[in-house]
1. What do you get for Rg/Rh of region A:1-78 when both radii come from the Cα atoms and Rh is the Kirkwood radius?
2. To the nearest 100 Å², how much accessible surface do chains A and B hide from each other in total, with a 1.4 Å probe?
3. Quick check: with the 1.4 Å probe, what order do B:HIS61, B:HIS124 take by accessible area, largest first?
4. Per residue of region B:66-80, what does 6.51 cos²θ - 1.76 cosθ + 1.60 with θ = phi - 60° give for ³J(HN,Hα)? Whole Hz please, x for Gly and Pro, Karplus curve as stated.
5. One decimal, nm, shortest first: give the distances between the label point of A:ASN39 and those of the same position in the other copies, each label point 7 Å from Cα along Cα→Cβ.
6. What ranking of B:CYS104, A:CYS98 comes out by heavy-atom accessible area, probe 1.4 Å, highest first?
7. At a Förster radius of 35 Å, what calculated FRET efficiency corresponds to the Cβ-Cβ distance of A:ASP141 and B:GLN46, to the nearest 0.05?
8. Give the residues of region B:1-31 whose amide nitrogen is closer than 16 Å to a point set 7 Å from the Cα of B:SER37 in the direction of its Cβ.
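The values are calculated or read from the model by the stated rules, or taken from the named source; none is laboratory data. The structure presented is a predicted model; accordingly, all values stated were derived computationally and were not measured. Positions of Cβ are generated from backbone atoms using ideal geometry, with glycine treated the same way; all protein chains shown enter the neighbour counts. SASA here: full protein model, heavy atoms, side chains in, ligands and nucleic acids out. Shrake-Rupley method; radii C 1.70, N 1.55, O 1.52, S 1.80 Å.
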There are 2 protein chains.
Amino acid sequence: MRLTTFSDFTLRTLTYLALHPDRFVTINEIASAYSISANHLMKVVQALATTGDVVTLRGPHGGLRLARPPEDIRLGDVIRRTESDAAQTACFGTPETCGIQPACVLSGILTNALNAFMAVLDSHTLADLIVEPESLLVLLDKNGPSGRPCKLTADGAHQQG
Amino acid sequence: MRLTTFSDFTLRTLTYLALHPDRFVTINEIASAYSISANHLMKVVQALATTGDVVTLRGPHGGLRLARPPEDIRLGDVIRRTESDAAQTACFGTPETCGIQPACVLSGILTNALNAFMAVLDSHTLADLIVEPESLLVLLDKNGPSGRPCKLTADGAHQQG
């Protein structure tokens, strides 16, 4: 009953981009900050570019950034896309794999349960994930300081450097 | 965002037992009816016996049956047990695997979403899964007629045979 790693990495990428709104960041930078695989992130970023959540820029100063304000990116919409078909139903069965599927009530109950799950996610946007930006930036900075220009100054303000 | 095969087989087993309330059924009978592996069902049945949902009887006429009326078996309780720790949270991260976990709001949002999912399952019992017993029994009968004494008569009544 967990979301996939693909959903995990997608939400982490979006969170990172929301915390660095003023510039293009690289995949390596995100991978380093979370100590996760840049190869895996490639696919995540491609999907986010396809759905229009991020814009990418090629070249030496290229990278990616959010295409829309975090307030406009609903978590439910993100998860529906990353979990694709699986998000439509939590049921296991198809008529091919489950002999009682045609008369089964369970799939309807599971669909209702999944709708309730998604309704909670639909009530939140990416902006809700960065309500404590300073704490998040400090934690991200522990993992991969190199190549990450956004750091905290002594007074807590963000500084490009 | 799907439940595990273990949950799947657990719900199928409970449904089968609820449809055959008057006798002990064997694991092979259930496996045959659903065309699934008896080996996998062994573990499911052991877990159901441990949690007190079924009683088992050894010997040539042995097998298993429900320990309680279907109305007393809440689907939420079943899924919480079969999904174990995973049912408590849909979040991926621990402080070891996710660097921002200490300041992350996502785990709280996902927990709320999961609670909403479980609340729907808690509003249903095993009895809700067998509201159409005749249709279910016909479909089960297609897969494994041998060794399954419960069949429909012409007038739709159940007949032990």
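1. Working: Rg = 11.8 Å, Rh = 12.6 Å.
So for region A:1-78, dividing Rg by the Kirkwood Rh gives 0.93.
2. Numbers: alone 9510 and 9500 Å², together 14960 Å².
When A and B are taken together, about 4100 Å² of accessible area is lost.
3. Details: B:HIS61 160, B:HIS124 45 Å².
Descending order: B:HIS61, B:HIS124.
4. Couplings: 5, 8, 9, x, x, 5, 9, 9, 7, 4, x, 5, 4, 5, 4 Hz.
5. When each copy's label point is compared with this one, the spacings are 3.1 nm.
6. Numbers: B:CYS104 35, A:CYS98 10 Å².
Descending accessible area places them as B:CYS104, A:CYS98.
7. Details: r = 48 Å, r/R0 = 1.38.
FRET efficiency, A:ASP141 to B:GLN46: 0.15.
8. B:4-10, B:28, B:31
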